[in-house]
Amino acid sequence: MVEHNYIELFMNRLETGDIICFEQTRPRHLFSRAIVCFTQSHVTHVGIVIKTNMKYFLLHALINETVMLEDLEEVIRSYEQCVVYQRRLYVRRDLAFYRNVSIFIERVKNKKYYFDVVQFIKAQLSITNKLTRSSEEINRFFCSSLVAYFLQTMNFLPLNLDVQLFTPKEIFNLNNDFLDTPKVLCAI
């Protein structure tokens, strides 16, 4: 079990907009095991840090749930045998940035969780082109599509990318001038 003081210590490095990636060595959920199998990566979940009044939350999409804002410490404690990574977002965190984050949260909060197995497999086999974004409004999310949509909405990813096809592995490995390389935040 991770000590409370240890969690506070590393959480102080986080800022709104940073990306959190969860790497599970032995995922307990069948869905997480399928992600590991298809992506050849142990990164099974991703989310966006939201910091308000020195409290830390994770904006993320959960299977059989919706897009939600949860206490980050509680989310981390819910994992077993996990390494948590931070991808720092390099951005000027001014009033306009925080306003855009608030608008984004209101747009996606409580939207349905969505995972299209066929599209996921096609994307992994490179049958589907990520450069064919649907013109329809995105209103259902897989955890990594939520993060990709956030980065796209904040103008860190091109608008022509189909964010619904991003996997947790791709968020973890994303090469982008606005994201730092993944750094270990803690191991549970």
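The values are calculated or read from the model by the stated rules, or taken from the named source; none is laboratory data. Being a predicted model, the structure only gives us computed values, none of them experimental. Please note: Cβ atoms are built from the backbone with ideal geometry, for glycine as well, and neighbour counts cover all protein chains shown.
Worth a mention:
- Within the stretch 77-98, residues that are within 16 Å of Arg28 (Cα to Cα) and at pLDDT below 95 sit with their Cβ atoms under 7 Å from residues that are acidic (Asp, Glu) and surrounded by 12 or more Cβ atoms within 10 Å (Cβ to Cβ), at 6+ positions apart or across chains, in these pairs: Cys82/Glu23; Val83/Glu23.
- Of all residues in the stretch 139-165, those being aromatic (Phe, Trp, Tyr) and free of Cβ contacts under 8 Å to residues at least 24 places away in the same chain number 0.
- Selection from the stretch 151-165 of residues that are part of a helix (DSSP H, G or I) and closer than 23 Å to Phe97 by Cβ: Leu151, Gln152, Thr153, Val163
- The stretch 99-120: number of residues that are of a type in the set (S, T, N, Q) and at pLDDT below 95: 2
- Picking from residues in the stretch 25-56 that are in a helix (DSSP H, G or I) and touching a strand residue (DSSP E or B) at 6+ places or on another chain (Cβ under 6 Å), the one that is modelled with the highest pLDDT is Ile35.
- Residues in the stretch 167-188 that are more than 23 Å from Ser78 (Cβ to Cβ) and not in a strand (DSSP E or B): Glu170, Asn173, Leu174, Asn175, Asn176, Asp177, Phe178, Asp180, Thr181.
- The set of residues in the stretch 60-74 being out of contact with any helix residue (DSSP H, G or I) (no Cβ under 9 Å at 6 or more places or on another chain) and assigned to a helix (DSSP H, G or I) consists of Glu74 alone.
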